[in-house]
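Single-structure report; data block below.
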Amino acid sequence: MESTTKPIVRLESETQLRIYMLPLRQKILRTLHTLGTPATAKRIADMLSLSPSSARHHLLRLREIGLVEHDHFELVNGIRAEYLRPADVTVSIGTNRVDALSEDREALTAAMLAGVGQRFQKALAGQREREIADPSLFCGDFLGGIAHLSQEDAQKFYRMVRDFLDMHTIPHGDSDTAWEFALIMYEANT
């Protein structure tokens, strides 16, 4: 299988990690990804109840570490507005590294997983109502368990899932819906 894996932005310095781990910036990135279309700082500000200058500041900080990029300019009410989009990259916070930032990386991982879990629980309530109305709808699921894999098969599985997800980070049509996911994979015997 040909790999379509996106470039990886590795957050290795304390500055990079601090920029990324701020909860508001996580919310801004998630909003940009969920929108699936370039947005102005003003639009992000309106969606998240921020001042436009605050949204712009946080977007520029995310741009510094390569997670947000310029898309285009448009004249909006006579003002030149910059439209930004999430960079088409995979973020690595280096959880496999042991250094002075290990505890920060672990805290960030825990916070991100908790956020996904909370949003999943919230979505379950809406899912019940939709499934009652139309039982054929797939609204999401949680899978857990143990798979017995060789090191080679584990890497193959990881690459296959990443390649598939990487091909679907940008909407392909009006019918595309944003789906949030969290995939955790680790050697269970450690």
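The values are calculated or read from the model by the stated rules, or taken from the named source; none is laboratory data. No experiment lies behind these values; they were computed from the predicted model shown. A quick note on method: Cβ atoms are made from the backbone with ideal geometry, for glycine too, and the neighbour counts reach across all protein chains shown.
Here is the figure for region 119-137: residues that are assigned to a helix (DSSP H, G or I) and over 15 Å from the mean Cα position of the chain (by Cα) total 13. Out of all the residues in region 36-47, which are in contact (Cβ under 8 Å) with a residue 24 or more places away in the chain and in a helix (DSSP H, G or I)? Result: 41, 42.
Whenever a residue of region 79-105 is over 19 Å from residue 32 (Cα atoms), its partners that are part of a strand (DSSP E or B) and at pLDDT below 95, lying with C-beta atoms within less than 9 angstrom and at least six residues away or across chains, give the pairs 93/10; 94/10.
Of the residues making up region 95-125, those that are farther than 20 Å from residue 161 by Cβ and of a type in the set (Gly, Ala, Ser) are 100, 102, 107, 110, 111, 114, 115, 123, 125. Considering every residue within region 54-76, establish whether at least one is under 25 Å from residue 140 (Cβ atoms), assigned to a helix (DSSP H, G or I) and without any contact (Cβ under 8 Å) to a residue 40 or more places away in the chain. Checked against the condition, which is being under 25 Å from residue 140 (Cβ atoms), assigned to a helix (DSSP H, G or I) and without any contact (Cβ under 8 Å) to a residue 40 or more places away in the chain, region 54-76 yields no hits at all. Restricting to region 7-59, and then to whatever is charged (D, E, K, R) and in contact with a strand residue (DSSP E or B) (Cβ under 8 Å, 6 or more places away or on another chain), can you tell me which residue is nearest to residue 159 (Cα to Cα)? Taking the candidates together, the pick is 10. For residue 106, are the conditions met, namely being exposed (fewer than 10 other Cβ atoms within 10 Å of the Cβ) and of a type in the set (D, E, K, R)? So residue 106 fails the test.
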